[in-house]
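Below: one structure, written as C-alpha cells.
None of the figures in this text is laboratory data; all of them are computed from the coordinates on show. The shown structure was predicted, so the numbers you read here are calculated from the model rather than taken from an experiment. Glycine also receives a Cβ, built like all others from the backbone with ideal geometry; neighbour counts cover every protein chain displayed.
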Amino acid sequence: MVCHICVYLRPSAVKNKYMNLPIIYHPNYVAPLPEGHRFPMPKFRQLYELLLADGVAQPEQIHTPSRPAQDLIELVHTPDYVQGYCDGTLDTKAQRRIGLPWSPALVNRTCVAVGGTILTAQLALTHGLACNTAGGTHHAFPNYGSGFCIFNDLAIASRVLQKLGLVHKILIVDLDVHQGDGTALIFQADHSVFTFSMHCEVNFPGTKQKSDLDVPLPIGMEDDAYLQTLAIYLPDLLSQVKPDLVLYDAGVDPHVGDRLGKLALTDTGIFRREMQVLSTCIAAGYPIACVIGGGYADDLKSLVWRHSLLHRAASQVYQQYRL
C-alpha cells in the first residue's frame, strides 16, 4: 500500500474549508465479539447512527478512513509484534493481556480504526477541528497490547503526520479516566510530543508510566473540581508547548455511572469538559483532533449518548468559530 497522504485525505476533505465539522467513521469500526464480552463494541456503530438520527451530523460530513500500510503502524510498534498480531500468532499470555479474542475481523477493525485517527488528525489540520467516532487506544505499548488496546492510534497518527512533514510539535491531551501509559512510554524521550494525562489515581493501570505531565485525581471527584483542575493546566500547556496539533482523547469513563471509572462526572460535566477543551484550544489558534476514548456501562444507550457529547460540543464550537 502506498505511504502517501492521499491514502487518507479524501478529495471531499479539501473541497470546501468552510464545510461542516468533519466526522470520521467506518462500518468496520465494529467487529464481532463473543456474547457477553465486557468491551462495548456495538457503541461505535450506535454512536454514528445517533449522530445522524439527531442531526448532529449529515451524511456529507462523514469521512471514511482507509486501512494504513503496515509500515506506518511500525513507526510505533515493533515489526514482530505487528506481524504476530496480524497473523494471530501471539502467545496466549499476550492475547490475554489485550483482553480481546483474536479474529481476522478484529485485526481489520484495529487497523481501520488507526487509519481513522490518522485521517482525523489530517482533517483537523485542514479544518481546525475534526472528530473520530472511535480511537484512544492509549494502553498499547511498542511490543504488546493491553487493556483492550492493540495498536496505539494516538502515537501512530503523531508519527505519520511528523513523517509527512505536516507537523513537528504535538500535544496529546488524555482525559480518559485511566492513565495513557502506553502513550507516555512511547514518547518518554521525545520532546516533539508532549503527553498530558489527567486520570483517576487509584485505577488501571496498576503500574503507571511517566507522562510529561500527569495529574492524578482522587476517587469520586465531581464536575466542578474536575473542570477547575483542568483549567489550571490546559491553557498554560498550550502556551508552553505551542503545538502544531492537539490530539484529544475524550474518554467518558470519568462518568459517575461508568463501570471502570471511579470518578463522578455527570453528563453535564462531560459536555462542559468537551466545550472547555475545544474552546480553549480553538480560541488560542491550535487545531484539535478528537478520539472518543474509553467508556464502559451496562446501559449501552446511555454510554453512546455520553460519547456523542464530544461531537455535539465540537459541532457548536465549529460553528461558533466558523472554522
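Do you know the relative contact order of the chain, to the nearest whole percent, from alpha carbon pairs under 8 angstrom that are 6+ apart?
Working: 662 pairs, mean separation 64.3, N = 323.
Reported relative contact order: 20 percent.
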*Mean ellipticity per residue at 222 nm, deg cm²/dmol - from DSSP H runs of n ≥ 4 across the chain, formula -39500 (n - 2.57)*: -13000 deg cm²/dmol
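Classify segment 45-148 as rounded, prolate or oblate from the Cα gyration tensor: take a ≥ b ≥ c as the square roots of its eigenvalues, call it rounded if a/c is under 1.5, otherwise prolate when a/b beats b/c and oblate if not. Could you put the intermediate results ahead of the total?
Numbers: a/c = 2.54, a/b = 1.78, b/c = 1.42.
The shape class here is prolate.
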*With a point put 7 Å past each Cα toward its Cβ, work out how far LYS242 is from LYS163 in nm, to one decimal.*
2.8 nm
*Assigned charges on the beta-carbon of Lys, Arg, Asp, Glu; the chain dipole about Cα centre (debye)*: 600 debye
*How do LYS163, LYS93, LYS43 rank when sorted from fewest to most other Cβ atoms within 10 Å of their own Cβ?*
LYS93, LYS163, LYS43
_Sorting check: for 120-131, 78-89, which peptide has the highest mean count of neighbouring beta carbons within 10 Å, and how do the rest follow?_
120-131, 78-89
*Among SER211, SER158, SER103, SER197, what is the fewest-to-most ranking by other Cβ atoms within 10 Å?*
SER103, SER211, SER197, SER158
*Label corresponding to Rg and Dmax of the Cα atoms in Å when calculated from the structure given, among (i) 17.7, 50; (ii) 22.0, 72; (iii) 32.6, 107*: (i)
*5 Å binning of all Cα-Cα separations within segment 236-287, expressed as whole percents from 0 upward*: 4, 19, 24, 18, 14, 13, 7, 1
*VAL193's amide H: which non-local residues (gap 5+, or another chain) put their own amide H closer than 5 Å, with H modeled 1.01 Å from N in plane and none for Pro or chain starts?*
ILE170
_Given charges at Cβ of Lys, Arg, Asp, Glu: the chain dipole, positive-most of SER308, ALA130, MET275_ = ALA130
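Answer rounded, prolate or oblate for segment 200-250, using the Cα gyration tensor with square roots of eigenvalues a ≥ b ≥ c: rounded when a/c is under 1.5, else prolate when a/b is larger than b/c, else oblate.
oblate
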*asked:* Using a 7 Å offset from the Cα along the Cα-to-Cβ direction at both THR229 and LEU125, what is the distance between the two label points in nm, to one decimal?
replied: 3.4 nm
*Applying the Karplus parametrisation 6.51 cos²θ - 1.76 cosθ + 1.60 with θ = phi - 60° to the phi angles of segment 287-292, what ³J(HN,Hα) value in whole Hz is obtained for each residue in order, glycine and proline being reported as x?*
x, 9, 10, 10, 10, 8
_Dipole-positive endmost among VAL82, LEU230, ALA284 within segment 45-320 (Cβ charges, Cα centre)_ = VAL82
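Which ordering of LEU50, LEU263 is given by a fewest-first count of other beta-carbon atoms within 10 Å?
Values: LEU50 19, LEU263 23.
Sorted ascending by nearby Cβ count, the order is LEU50, LEU263.
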*With θ set to phi - 60° and the Karplus curve 6.51 cos²θ - 1.76 cosθ + 1.60, what are the ³J(HN,Hα) couplings of segment 74-82 in order, to the nearest whole Hz, using x for Gly and Pro?*
6, 5, 10, 9, 5, x, 4, 5, 4
*Tell me, what HN-Hα J-couplings in whole Hz come from the Karplus equation 6.51 cos²θ - 1.76 cosθ + 1.60 at θ = phi - 60° for each residue of segment 29-34, using x for Gly and Pro?*
5, 10, 10, x, 10, x
